[in-house]
Each structure stands twice: as C-alpha cells, then as structure tokens.
1. Report, by residue number, each residue of the range 76-115 that is surrounded by fewer than 13 Cβ atoms within 10 Å (Cβ to Cβ) and among the hydrophobic types (A, V, I, L, M, F, W, C).
2. Checking the condition touching a strand residue (DSSP E or B) at 6+ places or on another chain (Cβ under 7 Å), surrounded by fewer than 17 Cβ atoms within 10 Å (Cβ to Cβ), free of Cβ contacts under 8 Å to residues at least 24 places away in the same chain and not hydroxyl-bearing (Ser, Thr, Tyr), which residue from PRO202, PRO271 passes?
3. Based on what the data block shows, is GLY118 on the phi > 0 side of the Ramachandran plot, crowded, with 16+ Cβ neighbours inside 10 Å and within 15 Å of the chain's Cα centre (by Cα)?
4. Within the range 126-154, track down each residue that is surrounded by 13 or more Cβ atoms within 10 Å (Cβ to Cβ) and in a loop (DSSP other than H, G, I, E, B).
5. Looking at THR270, THR297, THR257, THR329, which is the one that is assigned by TED's automatic domain parsing to the domain that holds MET43, modelled with pLDDT of 95 or more and over 25 Å from PRO133 (Cβ atoms)?
6. When the range 7-58 is examined, which residues are found to be out of contact with any Lys or Arg (no Cβ under 7 Å at 6 or more places or on another chain), of a type outside the set (A, V, I, L, M, F, W, C) and modelled with pLDDT of 50 or more?
7. Tell me which of these GLY67 doesn't satisfy, since it passes every other one: (1) of a type outside the set (Asp, Glu); (2) in the same structural domain as PHE170 (by TED's automatic domain parsing); (3) farther than 30 Å from ILE96 by Cβ; (4) at pLDDT below 90.
8. When both residues are 6+ apart or on different chains and their Cβ atoms are under 7 Å apart, which pairs have a first residue that lies in the range 218-230 and is within 18 Å of PRO199 (Cα to Cα) and modelled with pLDDT of 95 or more, and a second that is surrounded by fewer than 15 Cβ atoms within 10 Å (Cβ to Cβ) and among the aliphatic types (A, V, I, L, M)?
Amino acid sequence: MTHMLQTSLLAAGLLLAPAAASSARAQDDSQPVIRNRSIAYVMTTEEWAMHKTPGAKAECPNGMNEGPREQFKVLFPEDGPKRTVIGTQLAREAQIYFPTPEKEAMPFKEAVGPVVPGLNLDGKVGPNDFTSPDGVKGIDNQFFRVIGCVSSYRDVAALMVTKWRVDNSFNRVVIELTDVDDLGNDPDVTVTTYRGLSPMLPDASGSGYMPGASQKLDMRFGKDFIFSFKGKIVDGVLTTEAGDYLMPYQALVNVSTLLFRGLRFELRLTPDGAEGYMGGYIDIASWYAQRQESISTHHQSYGQESSPTIYKALTRLADGYPDQAGRNTAISGALRVRFTQVFVDHPAKATAQAGGAAAPANR
C-alpha cells in the first residue's frame, strides 16, 4: 500500500513538474520590460533616409555622380601639357581639407523626385519639401538631394555604418524612456540618450539582436552624449520635441562625433524594440569632418564620393541654422533607425558624479 502510494505521488509529481516549469516560464515571459516606469533600447541599425527605386531611375534620371578618379581625369586630362604633382594631385587633395563653397567645373547630380522619407522638422509645407511614402507632406530632407545619387550611400555605406555602430563600443547609442506608464499612449515621457559600454547580443539567426540584454551606461567618458528630450506616445508612436544631439561616430580608426541641431525622434515602440526616424538639421562642419575628412580618397573612390563636390552641394542646399553672415550651417535630413530593448545598468551615484554626467538641457 505504501509502495503504491509512493508510486502514485511520484507519478503525480512527474506529471505536475512540466506544468510547474511551464508556469514558471510563463511568469518569466510575462515580466514587464517597463521597470520603475522606464524602458531602454540600444541602436542596432541606421541608414540615411532615402527614396530608392530599381536602378535609381526615378531619383537619378541623369545617372550617378562620378568619383574622385573620374573627376581627376576630367580636370587634368593627359593631353600633353606638363603638370606637377603639386598642381594636380596635391591641389585636389587640399580641397578636401580646405573646401570652399564656390562653384567648380565638375557638375553635381542632385537626387530628385517628390517622395522621400523623413520628418517635417519645421511644421510647414514649403516649395522645396517632400512628401513621405505614407503621404505626409512637408518632409524636410535636403540631405537626400546631396547623397541620393552617390553610389556608396545607396548600398555600401549603410552596411558599413551599421557594422561600425554595432561592433565599436564607442558607437553604442542607448536611449532610455522614463516616466512611462504605457507604451501605447502616454502624454508625457522623457527620452535620455547615453553611450553604452556592453557588447550586443546577437540572435540565433545572426541577422539581428536579442532583446532583454543589459547595457552598462558610460556616465564618465560618455557624458558628452547625454541629452534629454520631452516627448509623448500616441498609438504606440513616440514623438519628441526638438533638441540638439551629439552622436558618437567611429568609422574605421577615426573617432569623431556628429552634431544634429533640432533633432526629433519618431519611433514606433514595442516591448522588444523600436523603429522609425531620428530627424534634424545635420551640422555641415561636423558631418564633413566625420565622413569626408576621415576616409581616404582611395576608399571614397569605391563609392564614387568626391569630397570637394559634395561639400559644395552641402553648402548650396543647406536650409537651417544660419550664421552671423546669413549662411546656413546645417542641412535637413533623417536617419532610419532600429533599436532593440535592453535593461540599462546605471552606475553608482558617486561614479556618475565623478564623471560630471549631468544631462544637458535641450531648449
């Protein structure tokens, strides 16, 4: 009798064990990602917002721009006149580091077309604005006109920048939403940007990153990348007020930053991630130093990038933040971005204070 009772209890235990394990897993799976009214995400991909059609027929009807080698042959043809290295190669290289806005002999092919993704940054609908693929009018994205017909920005650049963003801890962009009551609708939240220090956690496919990992925040050496934005969530979409933002940007061996003026976030949120746009006015000097002056002419030739010509297009199409002389110093644009949910590790208060990590106020 005792043996039968033990056997029955053992059988019951074995039958209950999977149910208990399943219940435990269900409880684990149901743990909310919003903790202490906050949720955080780490950037996994980025790409400049562009309109692309097969073969670039619609946006680049005149073809793609030529690169440094092709331009050099036009500027300095082998037609007999004796030329020096100083007057040719070095003169052209000098224009990369000391660019001027004056028009040059080389033509530049701007991207065209009425439909371009991005954000309406000024709340207006102007004659030079675009319409988004969703039908939103007044999209400010003059940067598309500059890079839309430059080969590297249509394919290679997006892949390389995403790899740099993920592989290099200097580039680790983390956003934390606080004062969050509901990811569906919340009239008042705060978005704070940080630089993370922890590696990314790839998923089993190798093509994405798993949510739920941890990110330690750099409150000391990353204090320059801490900015706060007021925002709201409507029907699962986060939008923020405009504010300046300095993004860490390491490309190859060059460590630099990229300054956005009047940046806004527009992200669709889920418990596992966020996707959408970071749009603002790209500081020309900052972007040019980060991108054009940090990569050799040899490497830019792979993507048909000619720095002197691109600089002239940037200054010609710039549409924001004029200097004292009335020249615009920034150009409207947007990044198409994806984030994966993470749990952030705030360092001890003493460590943060030692780093002087007070979030700059955006006005």
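The values are calculated or read from the model by the stated rules, or taken from the named source; none is laboratory data. Note that the structure is a prediction, hence the values are computed from the model and not measured. Cβ placement follows ideal geometry from the backbone for every residue including glycine, while neighbour counts extend to all protein chains displayed.
1. VAL85, ILE86, LEU90, ALA94, PHE98, ALA105
2. Values: PRO271 fails: free of Cβ contacts under 8 Å to residues at least 24 places away in the same chain.
The conditions single out PRO202.
3. Working: on the phi > 0 side of the Ramachandran plot: yes; crowded, with 16+ Cβ neighbours inside 10 Å: yes; within 15 Å of the chain's Cα centre (by Cα): yes.
So GLY118 passes the test.
4. Initially, the range 126-154 is screened for residues surrounded by 13 or more Cβ atoms within 10 Å (Cβ to Cβ), giving 129-132, 136-154.
Result: ASP129, SER132, VAL136, ASN141, GLY148, CYS149, VAL150.
5. Numbers: THR270 fails: over 25 Å from PRO133 (Cβ atoms); THR297 fails: modelled with pLDDT of 95 or more; THR257 fails: modelled with pLDDT of 95 or more.
Of THR270, THR297, THR257, THR329, the one residue that is assigned by TED's automatic domain parsing to the domain that holds MET43, modelled with pLDDT of 95 or more and over 25 Å from PRO133 (Cβ atoms) is THR329.
6. Across the range 7-58, the qualifying residues are PRO32, ARG35, ASN36, ARG37, SER38, TYR41, HIS51, THR53, PRO54, GLY55, LYS57.
7. Unmet condition: (3).
8. Pairs that qualify, where the first residue is within 18 Å of PRO199 (Cα to Cα) and modelled with pLDDT of 95 or more and the partner is surrounded by fewer than 15 Cβ atoms within 10 Å (Cβ to Cβ) and among the aliphatic types (A, V, I, L, M): there are none.
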